[in-house]
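A short write-up of the structure that comes next.
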Amino acid sequence: MNGQQRAVLRRAFVVLLVGTFVLFAGAGVATAQSGVGGAVVVEEGETVPEVNAVAGTVVIHGTVTGDVNGAAGTVLISGTVGGDVNVAAGNLQISGDVAGDVSAGAGTVHLEDTGTVGGNFDVGAGDVSIDGAITGDARIGAETIRLGENASIGGSLTYDGTLEGNRNAVAGDITHDRSLGATSVSDVQPLASWIFAVYAFLANVVLGIFLLALFPQFSRDVGSQTLAEPLKTGLIGLGTLVSMPLLLLVLVVSILGIPLALVGLFAFLFVIWVGVVYGRFLLGLWILSLFHRGRGERDRTWAALLLGLFLGAIIVRIPVAGDLVNALLLLLGLGALTLGVYTRRWGAKDSSAGSSETV
């Protein structure tokens, strides 16, 4: 097997590996009872021992014999949970059966008329609506608490906020406790922000692995060229950032029209993403070059990727200064990508004939 065939097989393997990772991380189907991704789903007719998830959406249509623990934008439970539900969410909706306790911090919580909670109901939210049945006690801190005509609370109700609706739904005592307070959407937003940051970091790692594994020499050349001429690279990145939207505008008014411009827009957004990853990779490469001048770039490549992406994820959370640094890294990444592609396509006339890597 010659070098070109090995390169083709290597790239095919990496594409398959990355594609599989993205598929399962993005879909987050709960076959492993846990997930980090867009949605974690227990399908109708499916039974799992427990669910532990950080996702955009957690959906329980089937049966979970144990607990459901997670943080998500939306948690929907229409199936059966044999244990407890402990979640932080923007929206929690229960139309199925929960045998244990429910503990939640959310923007909105709705226990529908078909929903049941076999244990206690401990919730902090902006808005809580109860139309189903709670066997145990309920402790609710919310701006608004609504008890529907079909609501039923077998124990006592301790609340803070505005209580509306059917007070006869409560079998025990009703106590107003101002110490509970309400958990509004703004209280949940910091957690949601960190969830998004973790997911974005993982997505950047996947793309970085894709780039470095498929185009290792290109990535190393991009790094060495940028470290040698950072100002030139940054200016080229600025030119790319300005010129590509202008080109899209020309496409919109041209005879080719909007469809091609939309394709170009998605391509531009992907290039921006690649620029972000390469920019942070360059940051890591620069830092490692300060401490490991005797080692070759090949040895530093993977460490630089992980270090740069990690530092970039931290820097972006710093107000003002973090935005400025990440903007500069984006310009360097875009410039390095543009310069690297141009050099490979049109400027590398003296490239080795034996090289099989293309971009």
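FYI, it's all coordinate maths here, none of it is from the lab. Predicted, not measured: the structure shown is a model, and the values here were computed from it. Positions of Cβ are generated from backbone atoms using ideal geometry, with glycine treated the same way; all protein chains shown enter the neighbour counts.
Just a few scattered comments:
- Once the C-beta distance of Glu46 and Arg345 is scaled by a Förster radius of 45 Å, the resulting FRET efficiency is 0.35 to the nearest 0.05.
- Length gained on full extension, Val242 to Leu306, computed as 0.36 nm times the residue gap minus the Cα-Cα distance: 20.2 nm.
- Reciprocal of mean inverse Cα separation for segment 196-347 (Kirkwood radius, Å): 16.0
- Phi angles of segment 121-132 translate, via the Karplus equation with coefficients 6.51, -1.76, 1.60 and θ = phi - 60°, into HN-Hα couplings of 10, 10, 9, x, 7, x, 9, 10, 10, 10, 10, x Hz per residue; Gly and Pro are given as x.
- Spin-label pair Leu260/Leu324, simplified geometry with 7 Å Cα→Cβ offset, distance in nm: 4.1
- Neighbours of Thr158 by Cβ distance under 9 Å: Lys/Arg scored +1, Asp/Glu scored -1, total -3.
- Once the chain from Phe291 to Ala200 is taken as fully extended at 0.36 nm per residue, the excess over their C-alpha distance is 29.9 nm.
- With a Förster radius of 56 Å applied to the beta-carbon distance between Asp113 and Ile314, the computed FRET efficiency rounds to 0.75.
- In order through segment 40-54: 3J(HN,Hα) via Karplus (6.51 cos²θ - 1.76 cosθ + 1.60), integer Hz, x for Gly, Pro: 10, 10, 9, 6, 4, x, 8, 10, 10, x, 6, 10, 10, 8, 10
- Distances between placed amide hydrogens fall under 5 Å for Gly66 paired with Glu50, Gly82, Gly83, all partners being 5 or more residues away or on another chain.
- Protection proxy ranking of 91-99, 156-164 - average other beta-carbon atoms within 10 Å, highest first: 91-99, 156-164
- Relative contact order of segment 196-347, taken over Cα pairs closer than 8 Å and 6 or more residues apart, is 39 percent.
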